[in-house]
Amino acid sequence: MSINWFKYSSPATFYPLAGKMIPFFGWLTAILMAGGLYWGFFETPDRLSDQKEYYRIIYIHVGAAWMSMWLYIMMAAWALAGLVLQTRLSFMIAKAIAPTGAIATFLALWTGAFWGETSWGTWWDWDPRMTSELILLFLYMGYMALQSAIDDPRRADRAAALLALVGLVCVPIIFWSINCPDPNECAALHQTSNPGGGNMEPNILIAMLVTALAFWMYSFVAILMRVRNIILERERHTTWVKELLEKNK
Amino acid sequence: MFKAFCCIVMRDLTLAMRRRTDVLTTLFFFIIVVSLFPLGTGTEKVILQKIAPGVAWVAALLASMLALERLFASDFADGTLEQLLLTPQPLFVLVLGKVLAHWLLTGLPLVLIAPLVGLQYYLPNDAVITMMLALLIGTPVLSLIGAIGAALTLGLRGGGILLSLLILPLYIPVMIYGAGVVSASAIGTTDLQAYFSILSGFLILALVLSPIATAAALRISVE
Amino acid sequence: MLEITNLACSRGDRQLFTGLNFSLKPGSLLYVEGRNGTGKSTLLRAICGLFLADSGEISWHGKSTRSLAEEYTQEVLYLGHHNGIKEDLTGLENLHISTILDGDDVTQDQLWGALKKMGLKGFEDLPTKVLSQGQKRRVALARLLLNSARLWILDEPFTALDVAAVDLLQSVISNHINNGGIVILTTHQGVALTSGQIQRLELGRKKSRHV
């Protein structure tokens, strides 16, 4: 038996499918978030190395930061799919991902600033990871600005998709250059990206992973809802949308 | 194909020679930005020496970006861009020709004017030579990356400001190493080879990828 | 031979046409007709490859024009609403550049000859910005005389031309058709072209009528 994968690449069939998926991911988000936060607040030690209670912002911060990067990759992947396969739905998904990605990036920066203030005594530091996150926010902004500056949706989709791909090629180079501005010292230096500095308390790690997973599921919910809106807006002149509106009156 | 490439370069140079002010504006913009900084930061020699590489590069980024807005705009307006898209020549070759002409008119003058920056910011001679070399390798990268943005924002209202939003973040690596090498040279302790290798790497990467991306962007925008 | 199968194009929300089918053999002329906004220009741009159709196939001698790419653009000459000439360059320079880019080997004499034939004698060396609308159009049309493309796609080629130039253009087009070329054009003027096999395509009706 062969499955017609392209069946769901049509907005008309994807719309109801997305509608069914939203509650599923919604419940997953709620359960994972509640569980992760409970674990994070009540089953973990009160200190992480030299940091006191405030380290618990990690449960928001890390999830948001991971999602911000992951969503950019997904956005570019859908953009590529749209350009190669000429499927409208791929562009719509890419467009729907951008705001969620930008919010995740902003949240990571914001919580990072709080964390920085409490542990380093400064809201902002030109630390490579923070700077990279800021640049990522600029890239999301650029994508959304270009998308909204072009009136014709087809040109907007394709131009923004190309920009996302160019961004994807540049992102590793940008991050790498921010990480080692002096190439003579860089060869030997490797940053550890572990906020605990190596061995983290397993309970903290579990709670962090669970909340990160909750962020991921939340992204599905937000993106699917946004895709549904974009579909309705773009397809408002088609008969299936008119029938749908008639039915829901 | 090579004939077409030369033809495009010559065409754009001829056009620019008939409207010389466009070329001079970019150059003077660069000079003005560079000259304004000392008035804002104070003219202390130590400070100026320290900020010189960064200032020169930021000014170069802005100047190159301002000029980029015009890269395809007039061709788009009079319909010659459509014709370029319909020639039997590979589009990326024509794009490369246009970018080269654009760089000769707006990037190269910045390289040549760099000693003036050295003079204003009390840079040692070695650092000035390093800066010229870094600009020589770096400014083509700026033009190449910027061409993608110029093609994407073609014909849009407020295209210029949008262009800066899209392109400036992508300029960061070039700026970091371009300014880094000048600082390193002013201190005079570290090996500069690594910086130049990286900058050249960027140039090669941009030369290969940017014309293709720009060509694709033009096809999207001309529709 | 140009074949269009099931072509559909839209602009923004508006579906311009769907299920468009026709084919053109060497030595034929197609008039594309229809009111403003029915998608004439879009159809022409889609055929020459500037506009990406929603669906459908455009093929040249049995192969998709998308896959032929530069091989196909070699065969196409498109003239749109814009003249596609640089105002700061002279007529001669404009013509010279476009022949080089089109990959045609043309001598200086041929360039001068083509401009002369288009009635631009004495204006060859002036920047085209000082020429009148009609003269600019003539500079653009001079390309037709030097081009080796077999498929001409002309969007309103007669606008801004005076009677003499209209006659001239008509004879140039007839000539091309008699030599086995294909011409697709839109026009609002009633121009009598009788040579070759003439087809008409009317856009903007309930069903596009093809006669």
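What follows is calculated from the coordinates using simple rules that are stated; it is not laboratory data. As the structure is a prediction and not an experimental result, all values here were calculated from the model. Methodologically, a virtual Cβ is constructed for each residue, glycine included, from the backbone with ideal geometry; neighbour enumeration extends over all protein chains shown.
Expressed as a rounded percentage, what relative contact order does segment B:2-222 have, with Cα pairs under 8 Å and six or more residues apart?
It rounds to 27 percent for segment B:2-222.
Which translational diffusion coefficient, to the nearest whole µm²/s, is obtained for chain C from the Stokes-Einstein equation, given a Kirkwood hydrodynamic radius over C-alpha pairs, 10 °C and 1.306 mPa s? Once the numbers are plugged in, D ends up at 89 µm²/s.
Would you list which lysines come within 19 Å of A:LYS242, measuring only between C-alpha atoms, while excluding same-chain residues fewer than 8 positions from it? Here the lysines satisfying the reach criterion relative to A:LYS242 do not exist. Only Lys, Arg, Asp and Glu carry charge here, each on its Cβ (+1 for the first two, -1 for the last two); on that basis the protein assembly as shown has a dipole of about 2140 debye about its Cα centre. Spin-label pair B:ARG20-B:LEU112: with each label point 7 Å from Cα along the Cα-Cβ axis, the two points sit 1.2 nm from one another.
Only one residue of B:SER164, B:THR25, B:GLY188 has its Cα farthest out toward the positive end of the dipole of chain B, where Lys and Arg carry +1 and Asp and Glu -1 on Cβ, and that residue is B:THR25. Projecting the Cα atoms of C:GLN108, C:SER41, A:PHE114 onto the charge dipole of the protein assembly as shown, computed from C-beta unit charges around the Cα centre, puts C:SER41 farthest toward the positive end.
In the structure shown, the pairs B:LYS98/C:LYS40; C:LYS86/C:LYS121; C:LYS86/C:LYS117; B:LYS98/C:LYS117; C:LYS63/C:LYS117 are assessed against 27 Å; a Cα-Cα span above that value is assigned to B:LYS98/C:LYS40; B:LYS98/C:LYS117; C:LYS63/C:LYS117.
Suppose we keep just the DSSP beta bridges with both residues in the protein assembly as shown; what percent of those would be antiparallel, to 5? Mind showing how you got there, number by number?
Numbers: 18 of 38 bridges.
Antiparallel: roughly 45 percent of the beta bridges in the protein assembly as shown.
Relative to the dominant Cα principal axis of chain B, helix B:2-18 is inclined by about 70°. Using a cutoff of 8 angstrom between alpha carbon atoms and counting only pairs six or more residues apart, the relative contact order for segment C:87-147 works out to 51 percent. From the largest down, segment B:2-222 spans 55, 33, 29 angstrom on the principal axes of its Cα atoms. Relative to the longest principal axis of the Cα atoms of chain C, the long axis of helix C:91-101 lies at roughly 50 degrees. Please work out, to two decimal places, the log10 of the ratio I(q)/I(0) at q = 0.10, 0.14, 0.17, 0.18 Å⁻¹ from a Debye calculation in which every Cα of segment B:1-114 carries one identical scatterer. So the normalised log intensities are -0.39, -0.65, -0.83, -0.90.
Between B:ILE187 and B:TYR122, full extension at 0.36 nm per residue minus the direct alpha carbon distance yields a gain of 22.1 nm.
How much of the pair distance distribution for segment A:14-98 lies past 19 Å, counting alpha-carbon pairs only, in percent? Mind dumping the intermediate values first?
Details: 2117 of 3570 pairs.
Counting pairs separated by more than 19 Å, the tail of P(r) holds 59 percent.
If you take the square roots of the eigenvalues of the alpha-carbon gyration tensor of segment B:110-194 and sort them as a ≥ b ≥ c, do you get rounded (a/c under 1.5), prolate (a/b over b/c) or oblate? Prolate is the answer for segment B:110-194, as a/c is 1.5 or above and a/b outweighs b/c. Converting phi to 3J(HN,Hα) with the Karplus coefficients 6.51, -1.76 and 1.60 and the offset θ = phi - 60°, segment C:32-43 yields 9, 10, x, 5, 4, x, 8, x, 4, 5, 4, 4 Hz in sequence order, with x at every glycine or proline.
Pairs exceeding 23 Å between alpha-carbon atoms, taken from A:LYS20/A:LYS95; C:LYS116/C:LYS136; C:LYS25/C:LYS116; B:LYS3/C:LYS136; A:LYS20/A:LYS249: C:LYS25/C:LYS116; B:LYS3/C:LYS136.
For segment C:87-147, count all C-alpha to C-alpha pairs, find those more than 18 Å apart, and express that count as a whole percent of the total. All intermediate terms of the calculation are to be shown ahead of the outcome.
Numbers: 387 of 1830 pairs.
Tail of P(r) above 18 Å: 21 percent of Cα pairs.
Working from label points 7 Å from Cα in the Cα-to-Cβ sense, the A:VAL169 to C:GLN108 distance is 4.2 nm. Simple spin-label estimate for B:SER200 and A:THR13 gives 5.4 nm between the two label positions (7 Å along the Cα-to-Cβ direction from each Cα).
Calculate for the protein assembly as shown the 222 nm mean residue ellipticity that helices alone would give, adding -39,500 (n - 2.57) per DSSP H run of length 4 or more and normalising by residue count, nearest 500 deg cm²/dmol.
Numbers: 25 runs with 449 residues, N = 683.
So the helix-based figure for the protein assembly as shown works out to -22500 deg cm²/dmol.
Between A:ASP127 and A:PHE41, the C-beta separation translates, for a Förster distance of 30 Å, into a calculated FRET efficiency of about 0.65.
Suppose R0 equals 25 Å; then what is the FRET efficiency for C:ASN178 and C:PHE22 from their Cβ-Cβ distance, rounded to the nearest 0.05?
Numbers: r = 21 Å, r/R0 = 0.85.
The computed FRET efficiency comes out at 0.75.
Would the protein assembly as shown count as rounded, prolate or oblate if I go by the C-alpha gyration tensor, calling it rounded below 1.5 in a/c and otherwise prolate when a/b exceeds b/c, oblate otherwise?
Oblate is the answer for the protein assembly as shown, as a/c is 1.5 or above yet b/c matches or exceeds a/b.
For chain A, the alpha carbon convex hull comes to 183 Å³ per residue, rounded to a whole number.
Note down the net charge around B:PHE37, summing +1 for each Lys or Arg and -1 for each Asp or Glu among other residues with Cβ under 15 Å from its Cβ.
Net of charged neighbours comes to +1.
Once you have a ≥ b ≥ c as the square roots of the Cα gyration tensor eigenvalues for segment B:1-41, tell me rounded if a/c is under 1.5, and otherwise prolate or oblate according to whether a/b is larger than b/c. The partial results should precede the final answer.
Working: a/c = 9.29, a/b = 2.94, b/c = 3.16.
Oblate is the answer for segment B:1-41, as a/c is 1.5 or above yet b/c matches or exceeds a/b.
Residue farthest toward the positive end of the dipole of the protein assembly as shown, with Cβ of Lys/Arg at +1 and Asp/Glu at -1: which of A:ALA104, C:GLY204, A:PHE41? Of the candidates, C:GLY204 comes out farthest on the positive side. Each DSSP beta bridge with both residues in chain C is either parallel or antiparallel, and the antiparallel ones are about 45%.
Taking Cα atoms, how many degrees apart are the long axis of helix A:11-42 and the longest axis of chain A, rounded to 10 and kept between 0 and 90? Result, in degrees: 20. Using a cutoff of 8 angstrom between alpha carbon atoms and counting only pairs six or more residues apart, the relative contact order for segment C:1-159 works out to 24 percent.
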